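Data first, discussion second: the structure below is written as structure tokens.
The values are calculated or read from the model by the stated rules, or taken from the named source; none is laboratory data. Since we're looking at a predicted model, the values are computed, not measured. Every residue, glycine among them, receives a Cβ derived from its backbone with ideal geometry; neighbour counts consider all protein chains shown.
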Amino acid sequence: MTVRAGDAGELALLRTMLLIRAVDDAWGEAYLREEIGGIPPSLSTGQEAVSAGACAALDDGDFVFTTHRGQAPQVARGLDPRQILAELYCRRTGYNKGKSYHVTDVARGVIGMGGIVPAQVPVAGGMALAQKLRGTDRVSLAFFGDGASNEGAVHETANLAAMWTLPLVLVCENNGWCISQPVSAAVKAPSIAARAAGYGLPGVVVDGNDALAVRDAVAAAVARARTGGGATFVEARTTRLGGHLAHDRQPYRDAAELAAAWERCPIRRLRERLAAAGQLDDAQYEAMAAEVAREVAAAVEFARASPYPEPGEAFEDLWA
Ligand SMILES: Cc1ncc(C[n+]2csc(CCOP(=O)(O)OP(=O)(O)O)c2C)c(N)n1
């Protein structure tokens, strides 16, 4: 099977989700082994369908703006796991030459990753405005969390996107948690997407553990944006399975709730769906998973074998 990240078919979506999880696992394990330091990894375990589905709805040349949980969309956009992991290992062969921890690949439309909640959303709006003023048909997509959805920058961006009919897709990745605060303690309304009406935008709620449903909902929003219809607010409901960061053992979480959430694992779900449709048997799944594991193991070795940047390089590639 030769499916690659960036393809929109069902098998490709499954492989993308497996690759996202494997890259995340490799990063988290490297941190817990103290092989890499810095801020603990923010992983997307359980949320893979949101990035895989949403990015599958984009074309080459479109733009993606990611959160602190940025590895999933980077992988889904087809970035090279070797260069992603090299960046996370702070090596010179990484996407940002090992100097930033924040993966950027302008050629693939991945415009950095934001540690400041939700600073990437107005920047995505700015990119959408730039594309509109230049007369291109490129679409910008901003991911942000349920916690971020309560911040002013999201509201300001959504309002301007509506006023200026911007080619923007706002994807609220509602994983149920803002660190240790459940969304029910931060959002009174039954739906975050319902806020879209207040901006004059369409709002859509989609099952964020169903990669095909996410792909189709975002594809509709992308088509609307690309043809001059303006922005859409998509709320993809999923569940964070791991801790907020890799070292978080989630003592604040109910064991039964977490166990039930694992039952909804998006990878397992798509695998079972494809198996039921006769498109994937156990041997084919195992072969796909093994191939992904080999790719990520090789990426880890590539990162480990790569040199660190020289101290003086800290003063290169600066832009202000
Ligand atoms: C402006 C700002 N405030 C607080 C933080 C600390 N912080 C980092 S991640 C995070 C939680 C964000 O929750 P959510 O938007 O739901 O995204 P999730 O972590 O669930 O993916 C917070 C509060 C930050 N990075 N930036």
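At-a-glance table
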item	result
In segment 95-104, residue farthest from the ligand (Cβ to nearest atom) [restricted to those that are without any contact (Cβ under 8 Å) to a residue 40 or more places away in the chain and either within 14 Å of the chain's Cα centre (by Cα) or at positive phi (or both)]	THR104
Candidate set from segment 169-183 (those that are polar (S, T, N, Q) and within 8 Å of the ligand (Cβ to nearest atom)); member that is farthest from TRP262 (Cα to Cα)	ASN174
Members of segment 37-91 that are at positive phi and out of contact with any Lys or Arg (no Cβ under 8 Å at 6 or more places or on another chain)	GLY38
Residues of segment 180-190 classified as exposed (fewer than 11 other Cβ atoms within 10 Å of the Cβ) and not polar (S, T, N, Q), total	4
GLU313 being assigned to a helix (DSSP H, G or I), touching a residue at least 40 places away in the same chain (Cβ under 8 Å) and in contact with a Leu (Cβ under 8 Å, 6 or more places away or on another chain)	no
Where GLY112 falls short, out of the listed (1) assigned to a loop (DSSP other than H, G, I, E, B); (2) at pLDDT below 95	(1)
Given (1) surrounded by fewer than 22 Cβ atoms within 10 Å (Cβ to Cβ); (2) in contact with a helix residue (DSSP H, G or I) (Cβ under 8 Å, 6 or more places away or on another chain); (3) over 16 Å from ALA225 (Cα atoms), number of the condition THR104 does not satisfy	(2)
Given (1) touching a residue at least 40 places away in the same chain (Cβ under 8 Å); (2) surrounded by fewer than 21 Cβ atoms within 10 Å (Cβ to Cβ), index of the condition VAL139 fails	(2)
Residue within segment 71-85 that is part of a loop (DSSP other than H, G, I, E, B), touching a strand residue (DSSP E or B) at 6+ places or on another chain (Cβ under 9 Å), within 16 Å of the ligand (Cβ to nearest atom) and among the basic types (Lys, Arg) present	no
Counted residues, segment 149-168 - those being surrounded by fewer than 18 Cβ atoms within 10 Å (Cβ to Cβ), assigned to a helix (DSSP H, G or I), touching a residue at least 12 places away in the same chain (Cβ under 8 Å) and within 13 Å of the ligand (Cβ to nearest atom)	1
Positions within segment 115-148 being outside any strand (DSSP E or B) and among the polar types (S, T, N, Q), in sequence order	GLN120, GLN131, THR136
Some residue of segment 248-263 being within 17 Å of the chain's Cα centre (by Cα) and either closer than 21 Å to THR67 by Cβ or of a type in the set (A, V, I, L, M) (or both)	no
Odd one out for ALA290 among (1) of a type in the set (Gly, Ala, Ser); (2) without any contact (Cβ under 8 Å) to a residue 24 or more places away in the chain; (3) touching a strand residue (DSSP E or B) at 6+ places or on another chain (Cβ under 6 Å)	(3)
Subset of segment 177-190 (residues that are touching a residue at least 12 places away in the same chain (Cβ under 8 Å) and assigned to a helix (DSSP H, G or I))	VAL183
Among the residues listed as ALA186, ALA197, ALA193, ALA219, the single one being touching a Gly at 6+ places or on another chain (Cβ under 8 Å) and either under 18 Å from VAL139 (Cβ atoms) or away from the ligand (no atom under 16 Å from the Cβ) (or both)	ALA197
Flag if ALA293 is within 18 Å of ALA57 (Cα to Cα), away from the ligand (no atom under 16 Å from the Cβ) and not in a loop (DSSP other than H, G, I, E, B)	no
